[in-house]
1. Give me the pairs: first residue in segment 20-31 and in contact (Cβ under 8 Å) with a residue 60 or more places away in the chain, second residue more than 10 Å from the ligand (Cβ to nearest atom) and assigned to a helix (DSSP H, G or I), beta-carbon distance under 6 Å, and six or more apart or on different chains, which are they?
2. Of the conditions (1) under 20 Å from residue 191 (Cβ atoms); (2) open to solvent by 10 Å² or more (accessible area, probe 1.4 Å); (3) not hydrophobic (A, V, I, L, M, F, W, C), residue 83 clears all except one; give me its number.
3. On the given criteria, is residue 105 within 15 Å of the ligand (Cβ to nearest atom), at pLDDT 95 or above, at negative phi and surrounded by 23 or more Cβ atoms within 10 Å (Cβ to Cβ)?
4. Please pick out the residue among 60, 69, 86 that is in contact (Cβ under 8 Å) with a residue 12 or more places away in the chain and near the ligand (Cβ under 10 Å from one of its atoms).
5. Collect the residues in segment 116-133 that are outside any loop (DSSP other than H, G, I, E, B), in contact (Cβ under 8 Å) with a residue 60 or more places away in the chain and within 11 Å of the ligand (Cβ to nearest atom), keeping them in residue-number order.
6. So, residue 77, is that one farther than 26 Å from residue 169 by Cα, within 12 Å of the ligand (Cβ to nearest atom) and in contact with a helix residue (DSSP H, G or I) (Cβ under 7 Å, 6 or more places away or on another chain) or not?
7. Quick one: in segment 140-160, of everything that is of a type outside the set (A, V, I, L, M, F, W, C) and surrounded by 15 or more Cβ atoms within 10 Å (Cβ to Cβ), which residue is modelled with the lowest pLDDT?
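The values are calculated or read from the model by the stated rules, or taken from the named source; none is laboratory data. These numbers come from a predicted model, not from an experiment. Virtual Cβ from ideal backbone geometry, glycine too; neighbours counted across all protein chains shown. Only protein heavy atoms, including side chains, enter the accessible area calculation; ligands, DNA and RNA are left aside. Shrake-Rupley method; radii C 1.70, N 1.55, O 1.52, S 1.80 Å.
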Amino acid sequence: MRIGILGTGVLAAALGEGWARAGHEVAIGGRSRVKAETLVGRLGHGVRAVPPREAVVGRDAVLLAVSWDGVEDMLESVRAADGVLDGTPLIDPTNAVAHGVGTLLTGNGESMAARIAGLAPGARVVKAFHLFPAGRWTSPPDGGHSRVTVAMCGDDPAALDVVGELVRDVGGIPATLGALDRVRQLEEVAGFVIGLAFAGFDPNSAVPQVPQVPQDPQVPQVL
Ligand SMILES: NC(=O)c1ccc[n+]([C@@H]2O[C@H](COP(=O)([O-])OP(=O)(O)OC[C@H]3O[C@@H](n4cnc5c(N)ncnc54)[C@H](OP(=O)(O)O)[C@@H]3O)[C@@H](O)[C@H]2O)c1
């Protein structure tokens, strides 16, 4: 796939490396050209530094790897309002949560994914990759650790398929929880995990070990 990444930080580096290692063509655009060039120099694998607008044109998928409060600026800089992302799977990994507390900073029941969908008309927004630390994606899938499930929300089945493939390519198991009208639940989970971790508790010990429920073909599946 031809993948564009907006942002030059920790998550852009981890997923850029993972996807390039899996054989995808990756182009990275950040507000700082110097940071983009430094990052691609580190990543190798043919990853290219491009202006942000170029990172979103003609891509099979775009990752919006910027801080939640930089989303608006970044989407404005690629002129997303003009519909440049129309039809493109746009991955939203952002966490708008209060640092060390975990409460969501999007007000009035709003989600970041819905905000992004509003700023990028026509984009096929998929919430994914927001829950696990970036380091989880930097070792190859056979790197010795067990595979993790990446819960996703999105409205477009084809975009969910594309992002699901990108999840598998870095060693995850994709699981669609529902459409974007359910995405706030996913965003709250990140706040739950962060809140417990910063309070000194192991978030893994705060969820029950529920056995997997066998799928009944007669029952409509959420996942
Ligand atoms: N790191 C993780 O483990 C992880 C895991 C899951 C989800 N996430 C989410 O992924 C996103 C990126 O996280 P990160 O860890 O990669 O963050 P980071 O290392 O701090 O990088 C943030 C990126 O956002 C850019 N940015 C910030 N404000 C901007 C603005 N106004 N306009 C344009 N670009 C702007 C930064 O550009 P400059 O460098 O020029 O400031 C940088 O490229 C965040 O929303 C985070 O919540 C991160």
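1. 22/169
2. Against the list (1) under 20 Å from residue 191 (Cβ atoms); (2) open to solvent by 10 Å² or more (accessible area, probe 1.4 Å); (3) not hydrophobic (A, V, I, L, M, F, W, C), residue 83 comes up short only on (1).
3. Numbers: within 15 Å of the ligand (Cβ to nearest atom): yes; at pLDDT 95 or above: yes; at negative phi: yes; surrounded by 23 or more Cβ atoms within 10 Å (Cβ to Cβ): no.
No.
4. Details: 60 fails: near the ligand (Cβ under 10 Å from one of its atoms); 86 fails: near the ligand (Cβ under 10 Å from one of its atoms).
That would be 69, the only listed residue that is in contact (Cβ under 8 Å) with a residue 12 or more places away in the chain and near the ligand (Cβ under 10 Å from one of its atoms).
5. Residues of segment 116-133 that are outside any loop (DSSP other than H, G, I, E, B), as a first pass: 116-119, 124-127.
With in contact (Cβ under 8 Å) with a residue 60 or more places away in the chain added as a condition, the list becomes 117, 127.
Matches in segment 116-133: 127 only.
6. On the way: farther than 26 Å from residue 169 by Cα: yes; within 12 Å of the ligand (Cβ to nearest atom): yes; in contact with a helix residue (DSSP H, G or I) (Cβ under 7 Å, 6 or more places away or on another chain): yes.
When the stated conditions are applied, residue 77 passes them.
7. First, pick out the residues of segment 140-160 that are of a type outside the set (A, V, I, L, M, F, W, C): 140-147, 149, 154-157.
With the extra rule that they be surrounded by 15 or more Cβ atoms within 10 Å (Cβ to Cβ), the set shrinks to 141, 154-156.
Working: 141: 60, 154: 98, 155: 98, 156: 98.
Restricting to residues being of a type outside the set (A, V, I, L, M, F, W, C) and surrounded by 15 or more Cβ atoms within 10 Å (Cβ to Cβ), the top hit is 141.
The rows are residues; the columns are (1) touching a Pro at 6+ places or on another chain (Cβ under 6 Å); (2) of a type outside the set (Val, Ile, Thr).
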site: 64; (1), (2): no, yes
site: 77; (1), (2): yes, yes
site: 93; (1), (2): no, yes
site: 121; (1), (2): no, yes
site: 138; (1), (2): no, no
site: 147; (1), (2): no, yes
